[in-house]
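Working notes, beginning with the structure itself.
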Amino acid sequence: MILLSPLSALGRSTLALLAAIGRVALYFGRVLSHIVRPPWYPREFVVQLLQIGWLSLPVVGLTALFTGGALALQIYSGGSRFNAETVVPSIVAIGIARELGPVLGGLMVAGRVAAAIAAEIGTMKVTEQIDALVTLSTNPMKYLTVPRVLAATLCLPILVAVGDSIGIFGGYLVGTTRLGFNGTNYLQNTADFLEFWDVASGLVKGAVFGFIVALMGCFHGMNSGRGAQGVGKATTNAVVSASILILAANYILTGVFFSA
Amino acid sequence: MIEISALNKAFGLNRVLQGVDLTVVTGTSTVIIGGSGTGKSVLLKCILGLVAPDSGTILLDGQDVAKAERDAFLAKFGMLFQGAALFDSMTVWQNVAFRLLRGSLKRPAGEAKEIAVEKLRRVGLTPDVAEKFPAELSGGMQKRVGLARAIAADPQIIFFDEPTTGLDPIMAGVINDLIREIVTEMGATAMTITHDMSSVRAIADRVAMLHGGVIRWEGPVEQMDGADDPYLRQFITGSAEGPIEAVR
Ligand SMILES: Nc1ncnc2c1ncn2[C@@H]1O[C@H](COP(=O)(O)OP(=O)(O)OP(=O)(O)O)[C@@H](O)[C@H]1O
Ligand SMILES: [Mg+2]
């Protein structure tokens, strides 16, 4: 019996995990089906563009700036071991565009946006505002979820593109001021080595991450427990699940894009 | 006509509704009374489909509401929630005019706002309240905005969950008169939950008392005082002694 109980605990949590995955998958399907059917709420969509996209710019920009700078330092010191300091511009650009831009941008937005969405929708749930929406003939899925999911999916690639530029600029700043690179050469080097697909793959990742962030925020908000405690838990779950799903999706997408 | 039969609803082990039977005739006002936590709000939410009942049927004009076309069904209803449930991201008038600003009842914003201000006036709120946000209002004012929102699109059936709770006696009287007026003049069907016995007398055509998960007593308001049900008697007189246990 004592030996069996860890097994049964494992079994229970596995079942719970599978059930959660099933619920998220169902929710995912419902979101897709509502995206393609009217009515749509363009005004809500614009508000969310502002909330999710515009207001995330500082967070994403600062993250990219410092990451680009740190990356330049790392690659310089690492590269010096085999006399390859000159690769700094190209590796910084590739690292930022392919990997760090979308992933760190996505994680920062997960912290900011998934939390905000889950808290807002969770509060609406516990104060009966979601019920009120329904009685006013408005589908919460269409009115709350669809605008957020669409806005996040559209905004994140743009944020990633901005982050890429700022990240490369961060590398440039460190490279030219501390590592003795010539400014023109640095930029020339970056432009020569960076390929279209390096950037495009990062933007596609960004779109997927944006979708994940909004989906998790809405899902956990809609399923929030009762009271302030329920909302707190929903917020935490939204950020944690969005972050983990972003990292997992990043691994899968990287495999798909670059394994061949 | 709303016909509820053998309605059951449990939350886990908490068996809230245990076979509720109730009929509400079109164009009449039914008041539901009953102790706190007996499931009055849950009953209204079951009718609206906000809470899925475990078993039992609810018919609206002979049609099962679980199978009805949702949009057409909900378009007939207005609901005032116990906690007002105002959207805190919008101003008061946008809350009241919510239905009039989107969907099938959509009309120009100016017109919608006029209607909203008029409905606010009917619940005793001045036009300057219209531009405020719900968080800037007192509890009783929020309740009245919720009421204005519930009646804004002139629904055929209106549910009021404790419309006068938190209001001063004069305002409570205004709201009671308004509910009565909506039923007698506009021919709407109303179901009202209240704990306030003077409200019951002012609003009700019929009274239903929910206790122990079932409708304990149901009848015309005139017969309420003469009824010999001990549970109802204790509730009307507000006595601590009686079959309903008050935990102390
Ligand atoms: N979503 C829910 N999840 C779990 N339990 C619930 C839920 N909604 C209501 N309940 C429970 O159902 C019971 C009845 O609740 P309800 O809100 O209908 O009471 P009420 O009769 O309206 O009381 P009051 O007069 O205090 O408003 C309560 O015990 C409550 O805890
Ligand atoms: Mg209640």
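The values are calculated or read from the model by the stated rules, or taken from the named source; none is laboratory data. Computed from a predicted model, the values in this text were never measured in an experiment. Positions of Cβ are generated from backbone atoms using ideal geometry, with glycine treated the same way; all protein chains shown enter the neighbour counts. Side chains are part of the model used for accessible areas, which takes the heavy atoms of the whole protein and leaves out ligands, DNA and RNA. Shrake-Rupley method; radii C 1.70, N 1.55, O 1.52, S 1.80 Å.
Looking only at the range B:151-195, residues that are in contact with a Pro (Cβ under 9 Å, 6 or more places away or on another chain) and within 16 Å of ligand 2 (Cβ to nearest atom) come to 3 in all. Residues in the range B:120-140 that are more than 17 Å from the chain's Cα centre (by Cα) and within 26 Å of B:LYS76 (Cα to Cα): 7 in all.
Under the condition of being open to solvent by 10 Å² or more (accessible area, probe 1.4 Å) and more than 30 Å from A:ASN139 (Cα to Cα), the residues counted in the range A:191-218 number 10. Considering only the range A:25-34, state which residues are more than 17 Å from the chain's Cα centre (by Cα) and surrounded by fewer than 16 Cβ atoms within 10 Å (Cβ to Cβ). Of everything in the range A:25-34, those that are more than 17 Å from the chain's Cα centre (by Cα) and surrounded by fewer than 16 Cβ atoms within 10 Å (Cβ to Cβ) turn out to be A:ALA25, A:LEU26, A:GLY29, A:ARG30, A:LEU32, A:SER33. For B:VAL200, the stated conditions do not hold, so it cannot be described as surrounded by 15 or more Cβ atoms within 10 Å (Cβ to Cβ) and either among the aromatic types (Phe, Trp, Tyr) or in contact with an Asp or Glu (Cβ under 8 Å, 6 or more places away or on another chain) (or both).
Restricting attention to the range A:39-55, the residues that are open to solvent by 80 Å² or more (accessible area, probe 1.4 Å) and more than 14 Å from A:LEU144 (Cα to Cα) total 3. Of the candidates A:ALA19, A:ALA72, the single residue that is surrounded by 11 or more Cβ atoms within 10 Å (Cβ to Cβ), farther than 21 Å from A:GLY206 by Cβ and within 25 Å of the chain's Cα centre (by Cα) is A:ALA72.
In the range A:138-156, the condition of being out of contact with any helix residue (DSSP H, G or I) (no Cβ under 8 Å at 6 or more places or on another chain) and surrounded by fewer than 24 Cβ atoms within 10 Å (Cβ to Cβ) is met by no residue.
Only a single criterion out of (1) more than 16 Å from ligand 1 (Cβ to nearest atom); (2) more than 16 Å from the chain's Cα centre (by Cα); (3) not in a loop (DSSP other than H, G, I, E, B) is not satisfied by B:GLN18, namely (1).
Residues of the range B:56-87 that are more than 8 Å from every other protein chain (Cβ to nearest Cβ) and among the charged types (D, E, K, R): B:ASP61, B:ASP64, B:LYS67, B:GLU69, B:ARG70, B:LYS76. Summed over the range B:29-55, the residues that are surrounded by fewer than 18 Cβ atoms within 10 Å (Cβ to Cβ), more than 16 Å from ligand 2 (Cβ to nearest atom) and away from every other protein chain (no Cβ under 14 Å) give a count of 2.
Residues that are open to solvent by 50 Å² or more (accessible area, probe 1.4 Å) and either outside any loop (DSSP other than H, G, I, E, B) or facing chain A (nearest Cβ under 8 Å) (or both) within the range B:90-109 comprise B:GLN94, B:GLY103, B:SER104, B:LEU105, B:ALA109, listed in sequence order. Of the residues making up the range A:232-251, those that are within 17 Å of A:LYS125 (Cβ to Cβ) and of a type in the set (Gly, Ala, Ser) are A:GLY232, A:ALA234, A:ALA238.
Annotation note: Cβ proximity below 8 Å between a residue of the range B:42-57 that is modelled with pLDDT under 95 and a residue that is within 13 Å of ligand 1 (Cβ to nearest atom) and open to solvent by 50 Å² or more (accessible area, probe 1.4 Å) (sequence gap 6+ or interchain) occurs for no pair. One residue alone among B:ILE170, B:ILE182 is open to solvent by less than 10 Å² (accessible area, probe 1.4 Å), modelled with pLDDT under 95, away from ligand 1 (no atom under 16 Å from the Cβ) and closer than 29 Å to A:GLN129 by Cα, and that residue is B:ILE182. The residues in the range A:122-139 that are in a helix (DSSP H, G or I), at the interface with chain B (Cβ under 9 Å from one of its Cβ atoms) and either of a type in the set (D, E, K, R) or in contact (Cβ under 8 Å) with a residue 24 or more places away in the chain (or both) can be counted, and the count is 4.
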